[in-house]
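K.L.:
Attaching a single structure in structure tokens format; questions to follow.
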Amino acid sequence: MSEITKLDQNLILKKIDNETVNLQIIDNEMLMTIVGQFDQNLKDLSKLTKTDLFFRGNSITCKGKERHTKVFCEAMKFLINKYTLTKIIEKEDIILSVKKNIDLEESNVKSFKQLIKTPRKSVIARSEKQSEYITALRENDIIISLGPAGTGKSFLAVSVAVMMLIEKKIDRVILSRPAVEAGEKLGFLPGDMKEKVDPYLRPLYDALYELFGADKIDKKIETGEIEIAPLAFMRGRTLKNCFAILDEAQNATETQIKMFLTRIGENSKLVVNGDPSQIDLINKSQSGLIKSKNILKDLKEIKVIEFDHNDVVRHPLVSKIIRAYQKKSTDDKN
């Protein structure tokens, strides 16, 4: 005999037997968003949960081993909660829903408490470390974060900065990177100053466009609410009422990072992000990121967040690539 449970107003779970469950999602718009275009989200869920999924009307039937159907059910609860809060479901959410295996009844899930609302999308923490990082971005004046690509260091910092700008908690957002390839001597490059530095700052533009939209960002750059500049241009300034982010800080020297951090003024936040494994300096020993972390880590006013491959939220393959390179580096040392 089947067992029927109404988990909330949008989800009814019907357990047919130990290896078959049926879920009914009442809200049609929610259902179609979760299922995805051409049922792609369900196809991905089927692979990730090792189950067979059948979609018809408002009903999704899941068949597989009992432990796999339980993972699928928990993933669906997560996705419904995510949709309720943000009205969107992304490919990364499908992966996360299975990875986290979150129970919706645990109302204290940190990732949803750390919701960041921006004009074009809402952002949530996708790992415990990301949740800790968002808390630090909100509560600390200076944050140093280290870790591999794909852990959300830059994107989350830009997201919080945009949110604070919208809420008028700050007057400006300043985004900076060391233009290492040109040795921060940009004069020989063709074009005006914007054209000279844009190639080095493009990832920051991409994050802003995703959160705000290109037209709004361009206007805010024109008005000075958002400033994007190479690290060399920070010298001699005092940063007041702003949120300043130094990205790719592994390519900055200890002196440059010290210069950036000592720009802090009244009602400002400074963030230093970098990946110690991707130093582009000719003399890698000149990188000041780890040196600065070690010098400043004991100051209670400064929060240090260290990500690793377990926190990668980009593509599952990124984490495997990072582990493979780390293993090769360890083998070479031995």
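The values are calculated or read from the model by the stated rules, or taken from the named source; none is laboratory data. Keep in mind that what you see is a predicted model, and the values were worked out from it rather than measured. In this analysis, Cβ positions are derived from the backbone assuming ideal geometry, glycine residues included, and neighbour counts consider all displayed protein chains.
K.L.:
Looking at the range 288-307, which of its residues are more than 19 Å from residue 269 (Cβ to Cβ) and polar (S, T, N, Q)?
P.N.:
294
K.L.:
Can you name every residue in the range 115-163 that is in contact (Cβ under 8 Å) with a residue 60 or more places away in the chain, of a type in the set (Lys, Arg) and over 25 Å from residue 299 (Cβ atoms)?
P.N.:
The answer is 120, 121, 126.
K.L.:
Here's a follow-up. Considering the range 63-103 alone, what residues qualify as being among the hydroxyl-bearing types (Ser, Thr, Tyr) and over 20 Å from residue 120 (Cα atoms)? If you could, list the steps in order and put the result at the bottom.
P.N.:
So in the range 63-103, the residues among the hydroxyl-bearing types (Ser, Thr, Tyr) come out as 69, 83-84, 86, 97.
69, 97 - these are the residues of the range 63-103 that are among the hydroxyl-bearing types (Ser, Thr, Tyr) and over 20 Å from residue 120 (Cα atoms).
K.L.:
Quick test for you: out of 294, 251, 310, pick the one residue that is among the polar types (S, T, N, Q) and modelled with pLDDT under 90.
P.N.:
Within the list 294, 251, 310, the selection yields 310.
Residue-by-condition table, conditions (1) on the phi > 0 side of the Ramachandran plot; (2) touching a Cys at 6+ places or on another chain (Cβ under 7 Å); (3) in a helix (DSSP H, G or I):
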position: 215; (1), (2), (3): no, no, yes
position: 257; (1), (2), (3): no, no, yes
position: 260; (1), (2), (3): no, no, yes
position: 267; (1), (2), (3): yes, no, no
position: 277; (1), (2), (3): no, no, no
position: 281; (1), (2), (3): no, no, no
position: 285; (1), (2), (3): no, no, yes
position: 304; (1), (2), (3): no, no, no
